[in-house]
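S.K.: Below: one structure in structure tokens.
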Amino acid sequence: MKGSRKLFVKSFGCQMNVYDSRRMADTLAPKGYVETAAIEDADLVILNTCHIREKAAEKVYSELGRVRLLKEAAAVHGRRLLIAVAGCGAQAEGEEIVRRAPAVDVVVGSQNYHRLADLVARAERGEKKVVDTEFPVEDKFDALHLPSLAATRSRGVTAFVTVQEGCDKFCTFCVVPYTRGAEASRPVGKIVAEVERLAEAGVREVTLIGQNVNAYHGAGPDGRPWSLAELLARVAQISGIERLRYTTSHPLDMHDDLIVAHRDLPQLMPQLHLPVQSGSDRILAAMNRRHTRADYLSVVSRLRRARPDLALTSDFIVGFPGETEDHFAATLGLVGEIGYAGAYSFKYSPRPGTPGAQLDDQVDEEVKADRLHRLQAAIDANQAAFNRRLIGRTLSVLFERPGRYGGQLVGRSPYLQPVQVTAPPALLGRIADVTITEVASNSMFGALAQGAARAQKTALLDAGA
Ligand code: 5AD
Ligand code: SF4
């Protein structure tokens, strides 16, 4: 395209940033920005940052060091490279970013990226240090257009859709209520329109995302606030959408209608990320999680009654202020009791402005490292046990991309594990039955099942092979 400029977006952190990065590219497309996978070709580099832990927050500065060198190299060739910092890091640090990294041209907060095209235009006109991190009065989603079919097609057969953003829970370790603001849900109609567009572009699996997704209460077409369970049921009716997931959920908002959806809604995959953070009631209270260990276990048992094979995953924090060896032992005990399909675990990182950072009884780094190590071993054992049970079972796999080796495709099982299978390219974007033959720590291997061989033939015929 004449006059087109190249855009490179790098996402850090969570899935919401992945989604936001796409929407940022969508807002810049009408201004002539075309995405490139090669950062050295870019006219505009956006770093979409994360602020959840100190390590994540610092990463952006080392990345900015590298991008600054590219900017200087471009200038030598008479080319101007603009640098924008977006996301939760931008929201939290604002002007501080341009002070620490003067090569940055634009800082745009996580609630303002619908204004990105204007901010970039100002920087293109020569304005220095364009910073916009105010929480806007208008709704950013209202200002965003649906992406083009072509852009959507190029992004594969699975997609995230933000349905809810922000959080009112104020866990004492967490920056999210400050970086993403108060909880807000998008209206059902807007979400349905977005998923219809995705389905039209070939998307088969949609994950509804939000920091507190099961607190969803967006306005339905009848004017009443709809629950997440009602939203899922509506999205499941969209032709072409074969699989649904949602993340991340809070145990307090796991209401009966959502639990029952795991039994009754066939498109809803048997997989749930339900962070618990700690197995100790004393620490849960200090974290302001507003539920006990027993409450969590009760939610899990109701879920498992509804869907016995549910693959549960979680997040854990070790070394929250005041955590003793006994409290930590309670966390290890909970992992043993639940039997997770996997989990993320983190050392507590005191975040500026959060109540946890002000507590005096901070835990030593070596103690945190030791507990993290032991917790990860327990989680790995859970995961290996979960995966082992699947050997010999036939699972439906949605093929997402070519595998590492020729003739292989990689897809996801209903439980979200990656599965590598020898299969023809015509099965990309399709669901086929796969018999699991072998499991490794982070992926599984399988062979197309007998019924799938028939599907394979049909796919080959459809593809004109
Ligand atoms: N330190 C360590 N981990 C954190 N998380 C959130 N805040 C912190 C923090 N200050 C973890 C929680 C959350 C996940 C997204 O990140 O486990 O569920
Ligand atoms: Fe952070 Fe707690 Fe809200 Fe999750 S529920 S985003 S951990 S404050």
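S.K.: What is the gain in length, in nm to one decimal, between ALA385 and LYS128 on full extension, counting 0.36 nm per residue of separation less the C-alpha to C-alpha distance?
M.R.: Numbers: separation 257, 0.36 × 257 = 92.52 nm, distance 5.55 nm.
Length gained, ALA385 through LYS128: 87.0 nm.
S.K.: So how much slack lies between ASP222 and GLN408, counting 0.36 nm per residue of separation and subtracting their Cα-Cα distance, in nm? Show your work: numbers first, answer last.
M.R.: Details: separation 186, 0.36 × 186 = 66.96 nm, distance 4.70 nm.
So the extension gain works out to 62.3 nm.
S.K.: Can you give the Kirkwood hydrodynamic radius of segment 148-284 from its Cα pairs, in Å with one decimal? Working shown, then result.
M.R.: Numbers: mean 1/r = 0.0637 Å⁻¹.
Hydrodynamic radius (Kirkwood, Cα pairs) of segment 148-284 is 15.7 Å.
S.K.: Pull up the DSSP beta bridges for the chain and report the antiparallel fraction as a percent, rounded to 5.
M.R.: Values: 22 of 67 bridges.
Looking only at bridges with both residues in the chain, the antiparallel portion is about 35 percent.
S.K.: Segment 235-262 to segment 374-395: how many Å between their Cα centroids?
M.R.: Segment 235-262 and segment 374-395 have Cα centres spaced 24 Å from each other.
S.K.: Which value, in Å to one decimal place, does the Kirkwood hydrodynamic radius take for segment 270-389 when every pair of different Cα atoms is included? Present the calculation step by step, with values, prior to reporting the outcome.
M.R.: Details: mean 1/r = 0.0678 Å⁻¹.
Every distinct Cα pair counted, the radius reaches 14.7 Å.
S.K.: Report, in whole Å, the centroid distance computed from the Cα atoms of segment 1-41 and segment 402-420.
M.R.: 26 Å
S.K.: Expressed as a whole percentage, what fraction of the accessible surface of the chain belongs to carbon and sulfur atoms when a 1.4 Å probe is rolled over the protein heavy atoms?
M.R.: On the way: 10820 of 20360 Å².
About 53 percent, which is the carbon plus sulfur part of the accessible surface.
S.K.: Full-extension gain between SER4 and THR36, please, as 0.36 nm times their residue separation minus the C-alpha to C-alpha distance. Mind showing how you got there, number by number?
M.R.: Details: separation 32, 0.36 × 32 = 11.52 nm, distance 1.15 nm.
So the extension gain works out to 10.4 nm.
S.K.: Right, another one. Summing Lys, Arg as +1 and Asp, Glu as -1, what charge do residues with Cβ under 9 Å from the Cβ of VAL367 carry, VAL367 excluded?
M.R.: Working: positive: LYS368, ARG371; negative: GLU323, GLU325, ASP364, GLU365, GLU366, ASP370.
Net charge around VAL367: -4.
S.K.: Leaving out ligands and nucleic acids, and using a 1.4 Å probe, what accessible area per residue does the chain come to in Å²? Present the calculation step by step, with values, prior to reporting the outcome.
M.R.: Values: 20360 Å² over 465 residues.
Using a 1.4 Å probe on heavy atoms only, each residue of the chain averages 44 Å².
S.K.: Something else now. What are the GluC sites (Glu not before Pro) within segment 86-193 that DSSP puts in a loop, where the Cβ has at most 15 other Cβ atoms within 10 Å?
M.R.: Details: sites: GLU93, GLU95, GLU96, GLU124, GLU127, GLU134, GLU138, GLU165, GLU183; in loops: GLU127, GLU134, GLU138, GLU183.
Passing both the DSSP loop test and the Cβ count: GLU127, GLU134, GLU138.
S.K.: Here is a further query. Per the Kirkwood treatment, what hydrodynamic radius in Å, one decimal, follows for the chain from the mean inverse distance over all distinct Cα pairs?
M.R.: Values: mean 1/r = 0.0421 Å⁻¹.
Value: 23.8 Å, from the Cα pair sum.
S.K.: Compute all pairwise cysteine Cβ distances in the chain, then list the cysteines with no distance under 4.7 Å to another cysteine.
M.R.: By the Cβ distance rule, which asks for a partner under 4.7 Å, the isolated cysteines are CYS14, CYS50, CYS88, CYS167.
S.K.: Starting at the first residue of segment 379-395, write each ³J(HN,Hα) from the Karplus equation 6.51 cos²θ - 1.76 cosθ + 1.60 with θ = phi - 60°, in whole Hz, x for Gly and Pro.
M.R.: 5, 4, 5, 4, 5, 4, 5, 4, 5, 4, 5, 8, 4, x, 7, 9, 10
S.K.: Let me know the longest stretch in the chain that avoids all trypsin sites (Lys or Arg not before Pro) found in a DSSP loop with at most 14 other C-beta atoms within 10 Å. Please list the in-between numbers first.
M.R.: Working: sites that count: LYS2, ARG79, ARG80, ARG125, LYS128, LYS129, ARG290, ARG389, ARG393, ARG404.
Counting at most 14 other Cβ atoms within 10 Å as exposed, the longest clean stretch of the chain is 130-289.
S.K.: Answer rounded, prolate or oblate for segment 5-132, using the Cα gyration tensor with square roots of eigenvalues a ≥ b ≥ c: rounded when a/c is under 1.5, else prolate when a/b is larger than b/c, else oblate. Could you put the intermediate results ahead of the total?
M.R.: Values: a/c = 1.38, a/b = 1.18, b/c = 1.17.
It comes out rounded by the Cα gyration axes.
S.K.: Sticking with this structure for a sec: Among the chymotrypsin sites (Phe, Trp or Tyr not before Pro) within segment 355-442, which fall in a DSSP loop and have no more than 10 other Cβ atoms within 10 Å of their own Cβ?
M.R.: Values: sites: PHE386, PHE399, TYR405, TYR415; in loops: TYR405, TYR415.
The qualifying sites are TYR405.
S.K.: Another question, then. Excluding GLN211 itself, what net charge comes from residues whose Cβ is under 14 Å from its Cβ, given Lys and Arg +1 and Asp and Glu -1? Walk me through the numbers on the way to the answer.
M.R.: Numbers: positive: LYS169, ARG180, ARG186; negative: ASP20, GLU165, ASP168, GLU183, ASP253, ASP315.
In short, -3.
S.K.: Please report the net charge: other residues with Cβ closer than 10 Å to the Cβ of THR133, K and R +1, D and E -1. Can you show the working numbers first?
M.R.: On the way: positive: none; negative: GLU93, GLU95, ASP132, GLU134.
Residues close to THR133 contribute a combined charge of -4.
S.K.: Hey, how much of the P(r) for segment 353-443 falls beyond 17 Å, as a percent of Cα pairs?
M.R.: On the way: 2495 of 4095 pairs.
Every Cα pair in segment 353-443 considered, those over 17 Å come to 61 percent.
The values are calculated or read from the model by the stated rules, or taken from the named source; none is laboratory data. Because the structure is predicted, anything quoted here is derived from the model rather than measured. Positions of Cβ are backbone-derived with ideal geometry, glycine not excepted, and every protein chain shown enters the neighbour counts. Accessible surface areas use protein heavy atoms only, side chains included; no ligands, DNA or RNA. Shrake-Rupley method; radii C 1.70, N 1.55, O 1.52, S 1.80 Å.
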